[in-house]
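The values are calculated or read from the model by the stated rules, or taken from the named source; none is laboratory data. Because the structure is a prediction, the values reported are computed rather than measured. A quick note on method: Cβ atoms are made from the backbone with ideal geometry, for glycine too, and the neighbour counts reach across all protein chains shown. The accessibility values were calculated without ligands, DNA or RNA, using every heavy atom of the protein model including side chains. Shrake-Rupley method; radii C 1.70, N 1.55, O 1.52, S 1.80 Å.
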Amino acid sequence: MLAGAAGFLVLALAAIALPSVPGDPAVREWLLARATPPVVAALRVINYAGSWQLLIPATLLLLVVFPRARERWWVWIGLMLAAPAGEGLLKILIGRARPEDPSMGFPSGHATAAAAFSGAVFYLAASLSPPARILVRAGAVLTIVLVALARVILRAHWPADTLAGIGLGIAFASAAALLAEPAGSAEIAGGGR
């Protein structure tokens, strides 16, 4: 949680204090140079993995698939409501425009959503058998990375916008995971009783 929040904070301070986040234009141009029509077509589909319209119902699916999610269902529903609210408020406060549009783009909502949801999946996958756990967690990480790339290659965001969204989404997912832990398990994990 601290790493995600710290990453977001560093990028937010750079976005506020500097005319351009160092490396943003160069990384964006490098990625856009690799945006062949098949890559763009694939990323348009992948982009939906960061859409709130898809992720709210997907969150309900988490409750069906993971018994541990059902035990504290309000945490996971709350995560998927709190993350977009936080991201929207931060967009207004930071006020950084998108690369090709005057609307606010920092942090990326799609990247925040993908990281929040995939972070929840990553946490909940702990209950799966080792081979399934590894596959689900790898899929969760890959989803986060691909959604972030999609937002840059589809010309919606600067790279720093998506990295900040990932940091924010991971911080929200980590906070949800801490809230979802049964009472007393933190003491056990921390060496208590």
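With Cα extents along the principal axes in Å as the read-out, I listed (1) 79, 42, 40; (2) 52, 37, 26; (3) 43, 35, 32; which label goes with the value calculated from this structure? Recomputing Cα extents along the principal axes in Å here gives the entry labelled (2). Measuring nothing but how far apart in sequence close Cα pairs (under 8 Å, 6+ apart) lie, relative to its length, region 55-193 scores a relative contact order of 29 percent.
With a Förster radius of 30 Å applied to the C-beta separation of Ala33 and Ala3, the computed FRET efficiency comes to 0.50.
Within the accessible area of the chain, the carbon and sulfur atoms contribute 74%, probe 1.4 Å, all protein chains present. Estimated purely from DSSP H runs of n ≥ 4, each contributing -39500 (n - 2.57), the mean residue ellipticity at 222 nm for the chain is -24000 deg cm²/dmol once divided by its residues. Around the amide H of Arg98, modelled in the peptide plane, lie the amide H atoms of Ser103, Gly105, all under 5 Å away and 5 or more residues distant in sequence or on another chain.
In the full protein context, region 1-155 carries 52 Å² of accessible surface per residue, based on a 1.4 Å probe and ignoring ligands, DNA and RNA.
Projecting the Cα atoms of Pro84, Pro25, Ala125 onto the charge dipole of the chain, computed from C-beta unit charges around the Cα centre, puts Ala125 farthest toward the positive end.
For the chain, the dipole from Cβ point charges (+1 on Lys and Arg, -1 on Asp and Glu) about the Cα centre works out to 300 debye, to the nearest 20.
A protection proxy built from the mean count of other Cβ atoms within 10 Å ranks the segments 83-92, 170-179, most packed first, as 170-179, 83-92. Remark: the Arg70-Ser20 segment gains 13.6 nm on full extension, using 0.36 nm per residue and subtracting the alpha carbon distance.
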